[in-house]
Structure formats: structure tokens, C-alpha cells
1. Taking the criterion of being more than 30 Å from ARG150 (Cβ to Cβ), in a helix (DSSP H, G or I) and under 19 Å from the mean Cα position of the chain (by Cα), would at least one residue in the stretch 45-60 satisfy it?
2. Tell me which residues, restricted to the stretch 161-198, are within 19 Å of GLU89 (Cβ to Cβ), of a type in the set (Gly, Ala, Ser) and part of a helix (DSSP H, G or I).
3. Here is a list: GLU171, GLU145. Which entry is open to solvent by 60 Å² or more (accessible area, probe 1.4 Å), more than 30 Å from ARG33 (Cα to Cα) and not small (Gly, Ala, Ser)?
4. Return only the number of the condition from (1) closer than 17 Å to GLY160 by Cα; (2) in a helix (DSSP H, G or I) that THR117 does not satisfy.
5. Just checking, how many residues over the stretch 150-170 are under 17 Å from GLU103 (Cβ atoms) and either without any contact (Cβ under 8 Å) to a residue 24 or more places away in the chain or of a type in the set (D, E, K, R) (or both)?
6. What residue, of GLU89, GLU104, is open to solvent by 40 Å² or more (accessible area, probe 1.4 Å) and over 23 Å from ALA30 (Cα atoms)?
7. Is there any pair with a first residue in the stretch 110-138 that is under 16 Å from TYR192 (Cβ atoms) and touching a residue at least 40 places away in the same chain (Cβ under 8 Å) and a second that is buried (at least 22 other Cβ atoms within 10 Å of the Cβ) and of a type outside the set (Gly, Ala, Ser) whose Cβ atoms are under 8 Å apart and which are 6 or more apart or on different chains, and what are they?
8. Filtering the stretch 118-142 down to residues that are surrounded by fewer than 14 Cβ atoms within 10 Å (Cβ to Cβ) and among the polar types (S, T, N, Q), which residue is nearest to ARG191 (Cα to Cα)?
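The values are calculated or read from the model by the stated rules, or taken from the named source; none is laboratory data. Fair warning: this is a prediction, and the values are worked out from it, not measured in the lab. Don't worry about glycine lacking a Cβ; one is built from the backbone with ideal geometry, like all the others, and counts go over all protein chains shown. Just so you know, the surface numbers come from the protein's heavy atoms only, side chains and all, with ligands and any DNA or RNA stripped out. Shrake-Rupley method; radii C 1.70, N 1.55, O 1.52, S 1.80 Å.
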Amino acid sequence: MNGSDSRGTESGSRSPRRSDATRNAILTAARERFAAEGYERATIRAIAKDAGIDPSMVMRYYGSKEGLFATVLDADLRMPQPDGLDPSEVGRVLVGHFLDLWEENDVLTVLLRVGVTHPAGAQRMQGVFRDQILPVALRCCPDPEQAPVRAALVASQMLGMALTRYVLRFESAGALHREEVVAWLAPTVQRYLTAPNP
């Protein structure tokens, strides 16, 4: 009896791990397919093949291609808490933060690649950057009414660097050391957030 209970417990503990591994395999394959082929050309069958599972498993976990796409694009920028930011250092802090994100998280690269080719990707990117950068702009800018514009300017700077450095892979952009990128971009981001309205 006790042996049966023990086996049941072990089986139950393995099942969530298998489920997590399957989900992770699906998401990894989906990110690569969506990034390489865009939303329209990527198929559930191809994603399932890349993940080494049956296509029905993709549908079981995510319901549809659109549901899978939404999960892939669910990006958290993990922005610093606005109240903890020194307004005089915000440019340097944000540029360093974004460089760390881009270099450790392929979700953001997928988001950028898909965002320039698919309306749902663009909409998701707009929401991510608007909702997560705006509180920082509200904390730092001299006129709260200008916060949305200033947040958009910050996004334009960071997305421009990401596009040239990680997606289009401009040689000169990729060759810059992290400290050089911060030195070049931080003053501009600082100005966008804290300078008087030009």
C-alpha cells in the first residue's frame, strides 16, 4: 500500500516536470520559427516537428497558433522601479538595463523581428514598451503631460540600437563594447527624459 502511494507520488511529481519541459520545447521552437519566418509562414506542424512532439500537443497547451504567438510575445522588460531611480542617472541605468535584456533574452529579439512584419506583433510591442517605460518617464520628466512622447523617444533609441545590433547585425553596431554603447546612448536617453521641452 505504502509502496503504491510512493510510486503515485513520484509519478505525480514527474508529470509537472514533463509538462514544463514540453511547454519550454514548444516555446523555444515557436520563437525560432516566428523569428525566422514571421507569423503567417510559421505553422503549428513545423513548430511541433522542431520541438519533437505531435502537433496536437501544441494545440493542447496553447489552443491555437494565435494563442501560442501571444505567449511567445509575452515579454517583461523588468524595468527598474521608478521610485528607486535617480533622475540624473536614468539614461545610463536604462541603456545598461536594455543591453542586459537584449543579450540575455531572445524573446525580445523575436518580438522585434515579428513586430516589424506582423500587426499583432507590432501591437504587442507597442503595449510592452508603452506600459513599462511610461512609469519611468512619468517619474523623471519635468512635465507629466509629455511623458508618453518622452517614453516613445526612449523606445525609438533602444529599439533602433537593438535592430541594428541584434537583428540586422550591422558590423559596426555589433562591434561596439557594452561600455561604448552606454557612453553613446545614455546622454541621449537622459535628454529625452529630463531635458526641458525643446
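1. Of the stretch 45-60, the ones more than 30 Å from ARG150 (Cβ to Cβ) are 45-60.
Applying the additional criterion that residues be in a helix (DSSP H, G or I) yields 45-51, 55-60.
Narrowing further to those that are under 19 Å from the mean Cα position of the chain (by Cα): none.
Checked against the condition, which is being more than 30 Å from ARG150 (Cβ to Cβ), in a helix (DSSP H, G or I) and under 19 Å from the mean Cα position of the chain (by Cα), the stretch 45-60 yields no hits at all.
2. ALA183, ALA186 - these are the residues of the stretch 161-198 that are within 19 Å of GLU89 (Cβ to Cβ), of a type in the set (Gly, Ala, Ser) and part of a helix (DSSP H, G or I).
3. On the way: GLU171 fails: more than 30 Å from ARG33 (Cα to Cα).
Answer to the selection: GLU145.
4. Of (1) closer than 17 Å to GLY160 by Cα; (2) in a helix (DSSP H, G or I), only one is false for THR117: (2).
5. Within the stretch 150-170, residues that are under 17 Å from GLU103 (Cβ atoms) and either without any contact (Cβ under 8 Å) to a residue 24 or more places away in the chain or of a type in the set (D, E, K, R) (or both) number 6.
6. Result: GLU89 is the single residue among GLU89, GLU104 that is open to solvent by 40 Å² or more (accessible area, probe 1.4 Å) and over 23 Å from ALA30 (Cα atoms).
7. ILE133/VAL154; VAL136/VAL90; VAL136/LEU94; VAL136/VAL154; VAL136/LEU193; ALA137/ARG150; ALA137/VAL154; ALA137/LEU193
8. By that ranking, first place goes to GLN126.
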